[in-house]
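Here is the structure we will look at, set down as structure tokens.
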Amino acid sequence: MPQLLRPHPDRRHRSQGAAPARRQRRPGAGVPGAPGRRTGLRRPGRRGPRPDSARTEGHRGRPRRLRRAHCVALPGRPGRLGVLRRLGPPRRRGGIAVSKRTTGTGTTGTTESTRRSPDALRALAAAGAAELGEASVDEVIVWVTRNFNTDAAAVACSMADAVLPHLVSRQLPGVDVLFLDTGYHFAETHTTRDDVARLLPVRIVDVLPEQSVAEQDAAHGADLFGRDPNLCCALRKVEPLHLVLAGYEVWFTGVRRDEAPTRANTPLIVWDERNGLVKVNPVAAWSFDEILDYARQHGVPVNPLLGRGYPSIGCAPCTKPVAAGDDPRSGRWASLAKTECGLHL
């Protein structure tokens with residue numbers, strides 16, 4: 001018959017029989033500060049307590065013959081010092097690009113449940129305009145940070161330069177930068193957009209029209225910009241931006257008073273009735289030279305076309321170089337009776 005087994009103190013098993021006499025516990029063993037079993041120096045290569053090491057109270061140590069089972073690391077398993085992060089939406093950091101085709105109401109930014117009412121935002125715009133008057137750029141942006149969360153703000157940028165995104169992101173890092181990707185931009189404009197995404201702490205939102213250029217050509221005929229530029233701008237810029245802005249409470253623009261007679265009275269803060277949110281123009285009082293000076297001083301990305309006679313940059317088919325001293329926007333729709341795309345009317 002198989003012999004009965006009993007557990008051994010060091011967790012091995014042996015057949016039941018006469019139990020060996022257990023060694024008597026040394027006086028003082030287990031008392032904090034008492035010396036270990038051996039007080040001599042350890043021999044090289046042998047495990048054991050250090051000379052004269054003190055055991056903490058209640059410490060029993062590991063059985064001499066007990067070994068940890070071998071574990072195979074799972075793929076992707078974090079190490080001992082790894083940090084487990086909570087699952088959820090990606091964090092808002094620089095360089096993240098979001099493409100958004102505008103086929104419905106805007107969902108970027110705030111939600112309908114958190115967005116304040118038009119009446120509340122209209123009153124806030126009026127209070128801000130009265131409070132700030134002709135304040136500095138930094139004072140205007142600080143006012144926005146006091147009254148709006150980052151998720152509620154957006155910066156519109158044509159990628160002629162990144163001065164406005166740079167100014168805003170210093171105080172609202174992670175802010176959304178809206179780029180109207182019309183499908184007709186210069187290659188240099190797309191390069192500047194990529195530089196902004198790479199260098200600044202912002203999130204680029206590529207705002208796309210409902211139709212691609214090919215789809216628009218099929219619906220309205222080729223080169224709509226040459227036959228009906230107002231309709232082309234409405235389809236590829238005005239309507240897409242309007243839909244996206246529905247998700248925000250405030251938007252920044254780079255409109256300046258020196259750009260054209262139609263912009264000479266641009267306020268710093270105003271209620272945008274058409275889009276239903278607060279509109280902020282922090283660089284309205286700056287000149288074109290001040291924009292370039294700021295870009296040079298802070299290493300801000302600038303569209304190379306600015307140095308080739310293009311002080312105002314839009315879609316390639318509708319933008320021409322401007323002679324020195326001429327209206328900066330005279331190169332836009334140069335052969336047409338049109339001076340504004342409709343975003344700021």
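The table for this structure:
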| item | result |
| --- | --- |
| Some residue of region 323-342 being closer than 30 Å to Leu121 by Cβ, hydroxyl-bearing (Ser, Thr, Tyr) and at pLDDT 90 or above | no |
| Total residues in region 118-163, condition farther than 23 Å from Gly247 by Cα, without any contact (Cβ under 8 Å) to a residue 60 or more places away in the chain and part of a helix (DSSP H, G or I) | 4 |
| Glu215 vs. criteria out of contact with any helix residue (DSSP H, G or I) (no Cβ under 8 Å at 6 or more places or on another chain) and more than 22 Å from Asp194 (Cβ to Cβ) | yes |
| Pairs, first without any contact (Cβ under 8 Å) to a residue 60 or more places away in the chain and under 13 Å from Pro317 (Cβ atoms) in region 213-227, second of a type in the set (A, V, I, L, M, F, W, C) and surrounded by 11 or more Cβ atoms within 10 Å (Cβ to Cβ), C-beta under 6 Å, six or more apart | Leu224/Cys232 |
| Selected residue (criterion: modelled with the highest pLDDT) from residues of region 297-319 that are exposed (fewer than 15 other Cβ atoms within 10 Å of the Cβ) and part of a loop (DSSP other than H, G, I, E, B) | Gly299 |
| Test: residue in region 197-204 that is more than 12 Å from the chain's Cα centre (by Cα), on the phi < 0 side of the Ramachandran plot and surrounded by fewer than 21 Cβ atoms within 10 Å (Cβ to Cβ) | no |
| Residue match in region 168-185 (condition: touching a Gly at 6+ places or on another chain (Cβ under 9 Å), of a type in the set (D, E, K, R) and modelled with pLDDT of 95 or more) | yes |
| Check on Ala156, at pLDDT 95 or above, surrounded by 18 or more Cβ atoms within 10 Å (Cβ to Cβ) and within 20 Å of Ile291 (Cβ to Cβ) | yes |
| Tally of residues being over 17 Å from Arg115 (Cβ atoms) and not small (Gly, Ala, Ser) across region 252-279 | 16 |
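The values are calculated or read from the model by the stated rules, or taken from the named source; none is laboratory data. Quick caveat, the model's predicted, so the values are computed rather than measured. Cβ: placed from backbone, ideal geometry, glycine included. Neighbour counts: every protein chain shown.
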